[in-house]
C-alpha cells in the first residue's frame, strides 16, 4: 500500500485536500493510504466536527496544535513536529498545498530526510517576495519531487526557474517532475456546488436576490491594516452601493470587523454602518460561500481563492491587490487588478456592469485534477 502524509495548516487547505481524499476514497482505496496532519498553524473556531460533517471530508488524523507565533518560531516548531510524524509513519511521500508556513515546514522536514515532496498548486508566482507566501511557495517548489500546477502559466513559471517539464527517469528533488494537472478547487467547486444549492440558506437568511448583489471579501493584512488602503476600498464600496442602488454583502472575519472601526475615518465608518445596501455579516461556511459566489452579480475581493471561484461560476472579479497569481483571469478579461484605488474600483464596476461579452475559458482543467495526481504519484513514486 502506497502511504502518503497530507500536511495542512488552515481551513482552506483542508478544503483543497478534500478533493484528493475524495478521489482516494472513490477510486484508490486499495492502493493509497492517506494520513492527514493538521499543523494547527491557524486556529479556526469554525473547524469543529460540524465543518467536516457538513462537507463530508475526513478529519485530520494528527493535530500538532502549533498555534500562532512569529514566522521563524512557528515554522521551526512545525518542522520538528512533522519530522517526528514522518519518522513514525514512514510514508512514501508528503503531500502539501499552496504557500503557508505549514507548506514550507513540511517541505523542509521531508526533504531533509529524503522523503519525496508532492507540491499541489506548484509554480504560482506573484513576483513579490515581500509576501511571505511567495517565499514559501518558491522554497517548497525547489525541494519537491513532483510538482502539480493548476495552470499552464504555473508550469511556464517553473520552466523559467530551471525546471524541466520533459525530465525523464525516476523523479527526485534533483530530477523533479512537472505536471499541468488542473485545479483541485475546480474539482471541489463542481462537487460542492450541487450540495450548496440543496443545503445553503444564506441568500434567504440575508434577503439577497439572485444576480442582484455584489459579493465582497477583504481580509489581507496589507489592506486591512493600512488606513489609506482600507479607506479607499470602503469609499468605493459605499459609492457603488449608493450610486447604483445595489446591495453589497461582506462576510467579515471578526478581526477585520474590529479593524474597520480603528482604521476607517469616523464619518465613513458611521456611514457604512447606516447604509442599508451594505451588509456586514459574520464569516460563512464553505457551502454558504459557494452559494454567495454562484448567485452574485459580481465579486470584489483580495482573496486568491475567491478570485478563482468567481471564475468557476462565470462571475466578473475586481481584485483588490496590486498583483495576482492567477494571471489567466486577467488575461481573458474576466478579472481586473485595481489595488485599493477608489476610482479604479468604481471604474471596474461600471465596466463590468455593462459588459455582456466576458469569457471564461476552461483554463483550470476538467474537474479531475485529484485523480490525475493520484495516478502520477502511484506511477512515479511507488
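The values are calculated or read from the model by the stated rules, or taken from the named source; none is laboratory data. The structure presented is a predicted model; accordingly, all values stated were derived computationally and were not measured. We place every Cβ from the backbone using ideal geometry, glycine too, and count neighbours over all the protein chains shown.
Among the candidates 358, 320, the residue that is crowded, with 22+ Cβ neighbours inside 10 Å and either under 23 Å from residue 236 (Cβ atoms) or out of contact with any strand residue (DSSP E or B) (no Cβ under 8 Å at 6 or more places or on another chain) (or both) is uniquely 320.
Of the residues that make up segment 267-289, is at least one touching a helix residue (DSSP H, G or I) at 6+ places or on another chain (Cβ under 6 Å), closer than 16 Å to residue 353 by Cα and surrounded by 15 or more Cβ atoms within 10 Å (Cβ to Cβ)? No, the conditions are met nowhere in segment 267-289. Report yes if residue 346 is modelled with pLDDT under 95 and out of contact with any strand residue (DSSP E or B) (no Cβ under 9 Å at 6 or more places or on another chain), otherwise no. No; evaluated as a whole, the condition is false for this residue.
A single entry from 217, 231, 224 fulfils the requirement of being under 21 Å from residue 133 (Cβ atoms) and modelled with pLDDT of 95 or more: 217.
Residue 273 fulfils the conditions (1) over 26 Å from residue 334 (Cβ atoms); (2) touching a residue at least 60 places away in the same chain (Cβ under 8 Å) except for a single criterion, (2).
All of 145, 111, 126 fail the test of being surrounded by 18 or more Cβ atoms within 10 Å (Cβ to Cβ) and farther than 20 Å from residue 381 by Cα, apart from 126.
Summed over segment 19-66, the residues that are at pLDDT below 95, out of contact with any helix residue (DSSP H, G or I) (no Cβ under 8 Å at 6 or more places or on another chain) and within 16 Å of residue 95 (Cβ to Cβ) give a count of 1. For residue 94, indicate whether it is without any contact (Cβ under 8 Å) to a residue 60 or more places away in the chain, crowded, with 20+ Cβ neighbours inside 10 Å and in a strand (DSSP E or B). The answer is no for residue 94.
Within segment 220-233, can one find any residue that is outside any helix (DSSP H, G or I), in contact (Cβ under 8 Å) with a residue 24 or more places away in the chain, under 24 Å from the mean Cα position of the chain (by Cα) and under 30 Å from residue 152 (Cβ atoms)? Yes: segment 220-233 contains one or more residues that are outside any helix (DSSP H, G or I), in contact (Cβ under 8 Å) with a residue 24 or more places away in the chain, under 24 Å from the mean Cα position of the chain (by Cα) and under 30 Å from residue 152 (Cβ atoms).
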